[in-house]
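All remarks here apply to the structure that follows.
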Amino acid sequence: MPSVINIRPTRLEYIRTKRRIIVAQKGLKLLKLKRQALILEFFNASKTAATLRSGLQSELIKGYQSIRLAEMLAGTMILENEAMKIPQITKLQIKAKNVMGVRIPKLEGGQSSTAITEHILELPTSINEAIKAFQNVHKMVLDVAEKETTLRKLLYEIEKTKRKSNAIENVFIPRLQNAVKFIVFRLAEMERDTFIMLKTVKRKMGEREQENIQREKEILAS
């Protein structure tokens, strides 16, 4: 944005600056609407994350209790041996979804494969229950991680949108408005100068006309 001193005080520049103000005001309105939508999305995600964290804590307690129970019923050696035999889970895929221009991660996969399910059916009930408990923990950890990342990205975009809207509202638009005032002032000043100049020219032309008339009268009288 050029300084007021560098602005050409013309009617064309006045029209252009007025249009820029209108565009900036529309952009500011859209940014504020976007920020409100992001804040709403942030609070919704925050509630979900809080619920998931609470559920994860409860599930972890159940998981550790199930391991202690399996250790008591099946023995530490059997529990460790069976743990080493469990096949790996499927690979985790990270995709993205768009929320108000923000790319939010979406985790897919990371679930139990068919081989794990078949392996669980062959185990003692106590170990079976422990594995299922930690399968739930694994799923909830992924959900919490997804929501926590979503919250960070939304918060960053909210702050970024706030900075942009503040810059437009408190800096850019006031500069444009000051430019309009400067152009109006200069145009009015130029109009006054032109009016005075025309009035002076008209007066001088009148004086010359009077002088010519007086000269013609003197010639006729001589």
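Open to solvent by less than 80 Å² (accessible area, probe 1.4 Å), among the hydrophobic types (A, V, I, L, M, F, W, C), at pLDDT below 80 and assigned to a strand (DSSP E or B): is that true of Leu79 in this structure? If you could, list the steps in order and put the result at the bottom.
On the way: open to solvent by less than 80 Å² (accessible area, probe 1.4 Å): yes; among the hydrophobic types (A, V, I, L, M, F, W, C): yes; at pLDDT below 80: yes; assigned to a strand (DSSP E or B): no.
For Leu79, the condition - open to solvent by less than 80 Å² (accessible area, probe 1.4 Å), among the hydrophobic types (A, V, I, L, M, F, W, C), at pLDDT below 80 and assigned to a strand (DSSP E or B) - is not met.
Can we say Arg35 is of a type in the set (Lys, Arg), out of contact with any Phe, Trp or Tyr (no Cβ under 7 Å at 6 or more places or on another chain), modelled with pLDDT of 90 or more and surrounded by 12 or more Cβ atoms within 10 Å (Cβ to Cβ)?
In short, yes.
This table checks each residue for (1) at pLDDT 85 or above; (2) over 46 Å from the mean Cα position of the chain (by Cα); (3) of a type outside the set (Val, Ile, Thr).
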| site | (1), (2), (3) |
| --- | --- |
| Thr125 | no, yes, no |
| Lys139 | no, no, yes |
| Glu148 | yes, no, yes |
| Glu159 | yes, no, yes |
| Glu169 | yes, no, yes |
| Arg175 | yes, no, yes |
| Glu211 | no, yes, yes |
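Name, by its number, the condition in (1) open to solvent by less than 100 Å² (accessible area, probe 1.4 Å); (2) over 30 Å from Leu154 (Cβ atoms); (3) within 30 Å of the chain's Cα centre (by Cα) that does not hold for Arg16.
(1)
The values are calculated or read from the model by the stated rules, or taken from the named source; none is laboratory data. None of these values were measured; they are calculated from a predicted model. Cβ atoms come from the backbone with ideal geometry, glycine included; neighbour counts cover every protein chain shown. Side chains included, ligands, DNA and RNA excluded: accessible areas come from the protein's heavy atoms. Shrake-Rupley method; radii C 1.70, N 1.55, O 1.52, S 1.80 Å.
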